[in-house]
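Colleague: Quick one: structure below, then a few questions.
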Amino acid sequence: MTFEKKWWQTAVAYQIYPRSYQDSDGDGIGDIKGITSRLDYLEKLGITAIWLRPVYASPMDDNGYDISDYEDIASIFGDMAAMDELLAEADKHGIKIIMDLVVNHTSDEHAWFVEAKKSKDNDFRDYYVWRDQPNNLTSAFSGSAWELDEASGQYYLHLFSKKQPDLNWENEKVRQAVYDMMNFWIDKGVGGFRMDVIDLIGKEPEKLITADGPTLHPLIQELNEKTFGAYDLVTVGETWSANPENAQLYSHPDRKEFSMIFQFEHVGLDQQEGKEKWDLAPLDPARLHNVLSKWQTELVGKGWNSLFWNNHDLPRAISRFGDDRPAFRELSGKMLAIYLHFMSGTPYIYQGEEIGMINTPITDINQADDVETHRMYAERIENGFTKEELITSIKAKGRDNARRPMQWTGAEGAGFSTGQAWLAFGDTVRDINVEKALADKQSLFYTYQKLIALRKEYPCMSEGIYEVMETGNSSVMAYRKY
Ligand code: TEU
């Protein structure tokens, strides 16, 4: 089977964490106008799509993955006029905007939930999932997934923080509301959607089923049909539970679901089997190569891969998969870039990856911002873990690593903001920054620029034949692509 050629197959996408990209008004928080001001830089890099992490109205319990109004913009990021300007300006730069959409849950401050809480017979009650008694389901951010609503004596489901109540996708009204909202964004001219934790929407909480519930794929097919299906948009589902078999269900074009999914098998290799990401284990390059090669060979002609080393939830690529000591970081960054960009699929670069930004160690939990990190720390301290072991885990895996402000220059404020940045800068600002990278023709930036340009020229990079090369050395990751 050959795919009908789509623009996103040869595109390279770039993920932006708006809070940390570019501040335009000196409040220390990146914003939409800031992103617009950096489009020349992004065009120079060569990317043709931006995955824009959520900028919708939100109380920011989970930095915007808790949406209180899907058709409004959080004031810290700007307003709808700034969003419209970004869409129009990006278009002039040949760049499409992929909206990050969170429809597994809303914020507890969303009007639907505010209504739902008013009484058991409120019209919006069934927009969410309620039970008289909690069961054993746990939240991804530690603790029970059920929160008591004192007024009604019932518990509501939240697979993430208690300020992120899960939507009830069995309710037709919920689905229709989501479709209307997505069509609102399609009408604005977005390039597509990244669908947050979409593998959870077919959940059956009574049976303790969260990911891959029985209604998941029919729900996605309906979503496709009612919204983006008729347009030339890219859609990428975030699916932590994906394997090569169900990846085909999601991304085979005949099934009319998504363009591709994010799978996470390769980012689970440096943790102890059956445990959590905080339970560290050494990374074996041979296993990493095997896993990525498996995804390459098993999806050929049956689906489409997304390719990434890091994102806003994951550690910095060089610190995790390479060697972030000064003598090696640029070199290992180039190795990782080349290895990934010759693979079949659509690559996603996470902001700052193109200049080799690395993890920033912390020494105390007070230096952490992220809700996931704090909840894990509190829970594990209670369970007898030591502070030292937890700080070691946070240094390696904490989400703040990726969320530190973009390093544009080596000056104070790093060219990111004239005010006090919302999160401390990494301690490498002087050595690793865009200004320096652009001035050095041998820098990692230009490796990325070259790879992106080559992908536009040579289709065999994005969809050629992939063959593992046996080198007899298990620490060498080699393949042939043609
Ligand atoms: O992440 C999904 C998710 O499962 C995360 O909890 C992930 O396991 C964890 O961050 C790994 O460290 C998505 C978003 O990418 C994340 O930022 C949100 O917090 C989460 O959904 C809830 O919306």
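Colleague: Looking at the range 130-144 only, could you name the residues that are crowded, with 20+ Cβ neighbours inside 10 Å and away from the ligand (no atom under 16 Å from the Cβ)?
Modeller: None - no residue of the range 130-144 is crowded, with 20+ Cβ neighbours inside 10 Å and away from the ligand (no atom under 16 Å from the Cβ), so the list stays empty.
Colleague: I would also like to ask the following. Checking S393 against (1) under 30 Å from P59 (Cβ atoms); (2) away from the ligand (no atom under 16 Å from the Cβ), which test does it fail?
Modeller: (2)
Colleague: Hey, another quick one. Being touching a Lys or Arg at 6+ places or on another chain (Cβ under 9 Å) and more than 16 Å from the ligand (Cβ to nearest atom) is the filter here; which residues of the range 157-179 pass it?
Modeller: Result: R175, Q176, Y179.
Colleague: While we're here: Looking at (1) under 30 Å from Q296 (Cα atoms); (2) crowded, with 20+ Cβ neighbours inside 10 Å, which is the only condition I338 fails?
Modeller: Status for I338: all satisfied but (2).
Colleague: Within 16 Å of the ligand (Cβ to nearest atom) and surrounded by fewer than 22 Cβ atoms within 10 Å (Cβ to Cβ): does that describe E265? Walk me through it before giving the result.
Modeller: Details: within 16 Å of the ligand (Cβ to nearest atom): yes; surrounded by fewer than 22 Cβ atoms within 10 Å (Cβ to Cβ): yes.
The answer is yes for E265.
Colleague: Is one or more of the residues making up the range 458-470 within 30 Å of I35 (Cβ to Cβ) and without any contact (Cβ under 8 Å) to a residue 12 or more places away in the chain?
Modeller: Checking the range 458-470: at least one residue is within 30 Å of I35 (Cβ to Cβ) and without any contact (Cβ under 8 Å) to a residue 12 or more places away in the chain.
Colleague: What pairs come up if the first residue lies in the range 304-330 and is more than 13 Å from the ligand (Cβ to nearest atom), the second is of a type in the set (D, E), and their beta carbons are under 6 Å apart, counting only those six or more places apart or on different chains?
Modeller: What qualifies is A317/E353; I318/D324.
Colleague: How many residues are under 23 Å from L280 (Cβ atoms) and in contact with a helix residue (DSSP H, G or I) (Cβ under 7 Å, 6 or more places away or on another chain) if we restrict to the range 320-355?
Modeller: So the answer is 10.
Colleague: To continue, here is another question. What number of residues within the range 454-473 satisfy the criterion of being closer than 15 Å to G301 by Cβ and of a type in the set (F, W, Y)?
Modeller: Summing the residues that are closer than 15 Å to G301 by Cβ and of a type in the set (F, W, Y) in the range 454-473 gives 1.
Colleague: Now for a separate question. Look through V267, V300 and report the one residue that is of a type in the set (V, I, T) and part of a loop (DSSP other than H, G, I, E, B).
Modeller: The unique qualifying residue is V300.
Colleague: So is A81 exposed (fewer than 14 other Cβ atoms within 10 Å of the Cβ) and assigned to a helix (DSSP H, G or I) or not?
Modeller: For A81, the condition - exposed (fewer than 14 other Cβ atoms within 10 Å of the Cβ) and assigned to a helix (DSSP H, G or I) - is met.
Colleague: So, one more: Would you please name the residue that is surrounded by the fewest Cβ atoms within 10 Å (Cβ to Cβ), looking only at residues in the range 84-123 that are of a type in the set (D, E, K, R), away from the ligand (no atom under 16 Å from the Cβ) and outside any loop (DSSP other than H, G, I, E, B)? Let's see the steps before the verdict.
Modeller: Quick first cut of the range 84-123, residues of a type in the set (D, E, K, R) only: 84-85, 89, 91-92, 96, 100, 108-109, 115, 117-118, 120-121, 123.
From what's left, away from the ligand (no atom under 16 Å from the Cβ): 84-85, 89, 91-92, 96, 115, 117-118, 120-121, 123.
Narrowing further to those that are outside any loop (DSSP other than H, G, I, E, B): 84-85, 89, 91-92, 96, 115.
Details: D84: 14, E85: 15, E89: 15, D91: 14, K92: 9, K96: 24, E115: 14.
Applying the filter and picking the extreme gives K92.
Colleague: Does the range 145-156 hold any residues that are away from the ligand (no atom under 16 Å from the Cβ) and either assigned to a loop (DSSP other than H, G, I, E, B) or among the small types (G, A, S) (or both), and which are they?
Modeller: Those that are away from the ligand (no atom under 16 Å from the Cβ) and either assigned to a loop (DSSP other than H, G, I, E, B) or among the small types (G, A, S) (or both): E150, A151, S152, G153.
Colleague: Could you tell me how many of the residues in the range 246-262 are farther than 17 Å from W8 by Cβ and either within 16 Å of the ligand (Cβ to nearest atom) or free of Cβ contacts under 8 Å to residues at least 24 places away in the same chain (or both)?
Modeller: 1
Colleague: Consider Q367 against the criteria (1) over 25 Å from W240 (Cβ atoms); (2) within 16 Å of the ligand (Cβ to nearest atom); (3) not hydrophobic (A, V, I, L, M, F, W, C): it satisfies all of them except one. Which criterion is unmet?
Modeller: Here Q367 meets the rest and fails (2).
Colleague: Take the residues in the range 359-377 that are at pLDDT 95 or above, assigned to a helix (DSSP H, G or I) and hydrophobic (A, V, I, L, M, F, W, C), then tell me which one is surrounded by the most Cβ atoms within 10 Å (Cβ to Cβ).
Modeller: M376
Colleague: Moving to a separate point now. Given the criteria part of a loop (DSSP other than H, G, I, E, B) and either closer than 18 Å to D369 by Cα or touching a residue at least 12 places away in the same chain (Cβ under 8 Å) (or both), does R430 qualify?
Modeller: Yes.
The values are calculated or read from the model by the stated rules, or taken from the named source; none is laboratory data. What you see is a predicted model; the values in this text were computed from it and never measured. All Cβ positions, even for glycine, are placed from backbone atoms using ideal geometry, and neighbour counts span all protein chains on display.
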